[in-house]
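Chemist: Got a structure here, written out as structure tokens. Questions coming.
The values are calculated or read from the model by the stated rules, or taken from the named source; none is laboratory data. None of the values given here were measured: they were computed from a predicted structure. Please note: Cβ atoms are built from the backbone with ideal geometry, for glycine as well, and neighbour counts cover all protein chains shown.
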Amino acid sequence: MSIKVPTMAEMMAEGKTPEVLFWVGCAGSYDDRAKKITRAFVKLLQKADVSFAVLGTEESCSGDPAKRAGNEFLFQMQAMTNIEIMNAYEVKKIVTACPHCFNTLKNEYPGLGGNYQVMHHTEFLKSLLDEGRLTIEGGKFVGTKITFHDPCYLGRANNIYEAPRDLIKKLEVELVEMKRCKSNALCCGAGGAQMFKDAEKGDKEIFVERTDDALETNPDIIATGCPFCNTMLTDGIKNVEKESEIKVLDIAEILASADEL
Amino acid sequence: MHFLSNILFALLLIVGVGYFIMNVKKLIRNIKLGRDIDRSDQPSARWKNMVNIALGQSKMVRRPVAGILHIIVYAGFIIINIEVLEIIIDGLFGTHRVFSFAGGLYDFLIGSFEILAFLVLISVIIFWIRRMIIRIPRFWSKEMTSWPKNDALNILYFEMVLMSLFLIMNAADYNLQQLGVGHYIKAGSFPISQYIAPWLPQNADTLMWIERGAWWLHIIGIFIFLNYLYYSKHLHILLAFPNTYYANLEPKGKINNLQSVTDEVQLMLDPNADPYAAPPEPEGDEMPEKFGASDVTDLTWIQLMNAYTCTECGRCTSVCPANQTGKLLSPRAIMMKTRDRIEEVGRNIDKNGEFKEDDKSLFATITNEEIWACTSCNACVEECPVNIDPLSIIVDLRRYLVMEQSSAPQELNMMFTNIENNGAPWQYNQLDRLNWKDE
């Protein structure tokens, strides 16, 4: 089913400026699992009547994995190209569902001439909630047990711990914390460009270790706010063959599906 | 003859403090081998960090048991040093308990010192038990053998001996005061050592030997400890303060943008730049700037100070996801190897007057396997009780491997190629970026 998603180019052609640019990111654009998160978030934006646009084919990798892998050249090439495009559209505010893009756009683009107000989608949804533009009801999730995995690039990297939890609490669910949570949270294993390579030799996969943390809370749902964490924890759940009992879902997916969007 | 001990003491003081100052100068010189970085902004936020984290030990209590014991030892260490001031004056001028004119206040102070010394002794014994009997894993990692292991134990033994000497000295003094011997005027209160006193001989001569012996050993011990610092992981008692003051105030996720790269990328993207222009002649014999770090001189002075500040507690390594899952990487080992290399470069300079190429670098001890195992999750940075940043060194080493050596793991090279060609780390066509809306 096709959904209507305006691009910045289309908006500009109509002489309109959106309230916010939705930065989809590579995972959100291409990864089959992450695309569902993207679509869920768009449905929430539409429900809240947010005027938004995407860059579409003009969007390119933020450069985060290149930078973390030490390829500063490639990172800055990507960043400057993206900044040129976004500055041409006079972008002021960006929202993204990927904490890696979020961190790079927010912290590393300003030094290269890209100054925007950048929000993670959980922060943005929280602000919509606070402004009364979005209502959240638990729907089919009421009473379920949800644990939230803090993405490193949202939590420790940018000290955002409460926005995702505030959203989850609104669903009238039982939010259970893992023994390692918030600033003590364990990485899923995908950051720092690990997503794109096999792990070094060790005695365990990091995503298995983190999935064990989540399983200890005996949850119905493991909530995440990052497409990479989502992939890793989904693999972890498959690894213990629990995919029929425990779902790994992005907060945007939970909210959209609670509302049967 | 009468002044012999005063002269001896003055000599000891001069040598002890002089050697310490010499080493501090060397320490500062070595730290300044690092590249310049400006951290003079936001002084109020920096003072606040220093007061909270170094003085207030706020990050130590993330682990309550070790944190509280550490605060006791630390408070004891600082407060008991008021007593050292008295010892120095007594030693120089041949007085005895020169501050005792303060009467009730003096009694209170000596009493407090005793209680603190006792608590320090107990805490240090518990530290030893945690290390040697309970064998907490972070004290037994592979980098904690030989010198690092002995260094940690030496410090504990030192503290035990110093605190015991202090209490024995007071116990002997207490007995002498009771006996009304010579200049042992009644001064101070002895809530702990009065219980040691009955175990000592009651003969005035022997007691004076014990009292003087403990006094001398105590102060000699303090001077040795002071000069041990430079060679030890224990430098953190001094460097924790500048280290927290100058620590990064930006969000932890932010990695610096290399200006040298920015200059080149801007030139490449500038439509007005002449593609055939020769690169500007380097001025003088200036070397083109290296991308990333292969040696300590490529790191910033903050990173070098970090290495000297590290007390090898291993909290970073114990929370590192790579280390916990059996990978080679240990953030603590990165800091220790960095410090070892600074010391090596420092000794090279001491010997040759200036640094003489030794064909070594950080890569002599830090392996690529360690560097590539990092997930950049910032757990180590978050955990460090004195705000050391091992991740920044790992990133600078990666930059060198990628931009100077082109030696990234093959899969990462493929990821780079994909980003260059398709604008995504995977092999998808950029024109398909919006396909998700129709699926």
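Chemist: Return the only residue of B:A214, B:A171 being in a helix (DSSP H, G or I) and free of Cβ contacts under 8 Å to residues at least 40 places away in the same chain. Outline the logic, then answer.
Modeler: Working: B:A214 fails: free of Cβ contacts under 8 Å to residues at least 40 places away in the same chain.
Checking each option against the conditions leaves just B:A171.
Chemist: Take A:D64 and tell me if it is out of contact with any Cys (no Cβ under 6 Å at 6 or more places or on another chain), buried (at least 20 other Cβ atoms within 10 Å of the Cβ) and touching a residue at least 24 places away in the same chain (Cβ under 8 Å). Break it down stepwise before answering.
Modeler: Working: out of contact with any Cys (no Cβ under 6 Å at 6 or more places or on another chain): yes; buried (at least 20 other Cβ atoms within 10 Å of the Cβ): yes; touching a residue at least 24 places away in the same chain (Cβ under 8 Å): yes.
In short, yes.
Chemist: Next up: Suppose the filter is crowded, with 23+ Cβ neighbours inside 10 Å and more than 7 Å from every other protein chain (Cβ to nearest Cβ); does A:C188 pass it? Even if it seems obvious, please write down each step before you answer.
Modeler: Values: crowded, with 23+ Cβ neighbours inside 10 Å: yes; more than 7 Å from every other protein chain (Cβ to nearest Cβ): yes.
Spelling it out, A:C188 is indeed crowded, with 23+ Cβ neighbours inside 10 Å and more than 7 Å from every other protein chain (Cβ to nearest Cβ).
Chemist: Hey, among the residues in region A:98-130 that are assigned to a helix (DSSP H, G or I) and small (G, A, S), which one's nearest to B:L258 (Cα to Cα)?
Modeler: If we take residues in region A:98-130 being assigned to a helix (DSSP H, G or I) and small (G, A, S), then A:G111 is nearest to B:L258 (Cα to Cα).
Chemist: Against the conditions (1) farther than 29 Å from A:S127 by Cβ; (2) surrounded by 18 or more Cβ atoms within 10 Å (Cβ to Cβ); (3) away from chain B (no Cβ under 14 Å); (4) among the hydroxyl-bearing types (S, T, Y), where does A:T211 fall short? Just the number, please.
Modeler: That leaves (3) as the condition not met.
Chemist: Tell me which of these B:K254 doesn't satisfy, since it passes every other one: (1) surrounded by fewer than 18 Cβ atoms within 10 Å (Cβ to Cβ); (2) among the basic types (K, R); (3) over 30 Å from A:L112 (Cβ atoms).
Modeler: It fails just one condition, (3).
Chemist: Let me ask another. Count, please, the residues in region B:1-32 that happen to be assigned to a helix (DSSP H, G or I) and either within 28 Å of B:V296 (Cβ to Cβ) or of a type in the set (S, T, N, Q) (or both). Walk me through how you get there before you give the answer.
Modeler: Just the residues of region B:1-32 that are assigned to a helix (DSSP H, G or I), to begin with: B:4-31.
When the remaining residues are screened for being either within 28 Å of B:V296 (Cβ to Cβ) or of a type in the set (S, T, N, Q) (or both), the result is B:5-6, B:18-31.
Residues that pass the stated criteria total 16.
Chemist: Find all pairs meeting these conditions: Cβ atoms under 8 angstrom apart; at least six residues apart or on different chains; first residue within region B:415-437 and more than 7 Å from chain A (Cβ to nearest Cβ) and over 14 Å from A:F196 (Cβ atoms); second residue surrounded by 15 or more Cβ atoms within 10 Å (Cβ to Cβ) and aromatic (F, W, Y).
Modeler: B:D432/A:Y30
Chemist: Run A:K179 past the list (1) over 19 Å from A:C101 (Cβ atoms); (2) touching a Ser or Thr at 6+ places or on another chain (Cβ under 8 Å) and report the number of the one that doesn't hold.
Modeler: That leaves (2) as the condition not met.
Chemist: Out of (1) part of a loop (DSSP other than H, G, I, E, B); (2) more than 9 Å from chain B (Cβ to nearest Cβ); (3) surrounded by fewer than 24 Cβ atoms within 10 Å (Cβ to Cβ), the odd one out for A:R180 is which?
Modeler: (2)
Chemist: Does region B:233-248 include one or more residues that are within 14 Å of chain A (Cβ to nearest Cβ) and at pLDDT 90 or above?
Modeler: Yes: region B:233-248 contains one or more residues that are within 14 Å of chain A (Cβ to nearest Cβ) and at pLDDT 90 or above.
Chemist: Quick one: how many residues across region B:73-84 are of a type in the set (V, I, T) and either crowded, with 18+ Cβ neighbours inside 10 Å or not assigned by TED's automatic domain parsing to the domain that holds B:R130 (or both)? Break it down into steps so the answer makes sense when it comes.
Modeler: Step one: list which residues in region B:73-84 are of a type in the set (V, I, T), which gives B:73, B:78-80, B:82, B:84.
From what is left, the residues that are either crowded, with 18+ Cβ neighbours inside 10 Å or not assigned by TED's automatic domain parsing to the domain that holds B:R130 (or both) are B:73, B:80.
Number satisfying all stated conditions: 2.
Chemist: Take the residues in region B:319-361 that are within 14 Å of chain A (Cβ to nearest Cβ) and either assigned to a loop (DSSP other than H, G, I, E, B) or on the phi > 0 side of the Ramachandran plot (or both); name whichever of them is surrounded by the fewest Cβ atoms within 10 Å (Cβ to Cβ).
Modeler: Looking at residues that are within 14 Å of chain A (Cβ to nearest Cβ) and either assigned to a loop (DSSP other than H, G, I, E, B) or on the phi > 0 side of the Ramachandran plot (or both), I get B:G326.
Chemist: Could we say that B:I115 is over 22 Å from the mean Cα position of the chain (by Cα), modelled with pLDDT of 90 or more and either outside the structural domain of B:E370 (by TED's automatic domain parsing) or more than 24 Å from B:Y231 (Cβ to Cβ) (or both) here? Walk me through how you get there before you give the answer.
Modeler: On the way: over 22 Å from the mean Cα position of the chain (by Cα): yes; modelled with pLDDT of 90 or more: yes; either outside the structural domain of B:E370 (by TED's automatic domain parsing) or more than 24 Å from B:Y231 (Cβ to Cβ) (or both): yes.
Yes, satisfied.
Chemist: Go over the candidates A:T144, A:T122 one by one and state the one that is hydroxyl-bearing (S, T, Y), in contact (Cβ under 8 Å) with a residue 60 or more places away in the chain and closer than 15 Å to A:A256 by Cα. Write out each step before concluding.
Modeler: Details: A:T144 fails: closer than 15 Å to A:A256 by Cα.
When all the criteria are applied, what remains is A:T122.
Chemist: Would you say B:W128 is assigned by TED's automatic domain parsing to the domain that holds B:L226 and loosely packed, with under 13 Cβ neighbours inside 10 Å? Spell out the reasoning first.
Modeler: Numbers: assigned by TED's automatic domain parsing to the domain that holds B:L226: yes; loosely packed, with under 13 Cβ neighbours inside 10 Å: no.
Against the criterion (assigned by TED's automatic domain parsing to the domain that holds B:L226 and loosely packed, with under 13 Cβ neighbours inside 10 Å), B:W128 does not qualify.
Chemist: Give the residue that is surrounded by the most Cβ atoms within 10 Å (Cβ to Cβ), with candidates limited to residues of region A:131-167 that are in a helix (DSSP H, G or I) and at pLDDT 95 or above.
Modeler: Pass one, region A:131-167, residues in a helix (DSSP H, G or I): A:139-141, A:162-167.
Still in the running and at pLDDT 95 or above: A:162-167.
Details: A:E162: 13, A:A163: 21, A:P164: 27, A:R165: 21, A:D166: 17, A:L167: 24.
Filtering first and then ranking leaves A:P164.
Chemist: Going by the conditions given, is B:I371 within 20 Å of B:W301 (Cα to Cα), surrounded by 15 or more Cβ atoms within 10 Å (Cβ to Cβ) and of a type in the set (A, V, I, L, M, F, W, C)? Give the steps one after another, and end with the answer.
Modeler: Numbers: within 20 Å of B:W301 (Cα to Cα): no; surrounded by 15 or more Cβ atoms within 10 Å (Cβ to Cβ): yes; of a type in the set (A, V, I, L, M, F, W, C): yes.
In short, no.
Chemist: Right, here's the next one. When region B:33-52 is examined, which residues are found to be surrounded by 14 or more Cβ atoms within 10 Å (Cβ to Cβ), aliphatic (A, V, I, L, M) and not in a loop (DSSP other than H, G, I, E, B)?
Modeler: B:M50, B:V51
Chemist: If you don't mind, another one. Only one of A:I254, A:I237 is outside any loop (DSSP other than H, G, I, E, B), at pLDDT 95 or above and within 19 Å of A:K126 (Cα to Cα); which?
Modeler: Details: A:I237 fails: within 19 Å of A:K126 (Cα to Cα).
Residue meeting the stated conditions: A:I254.
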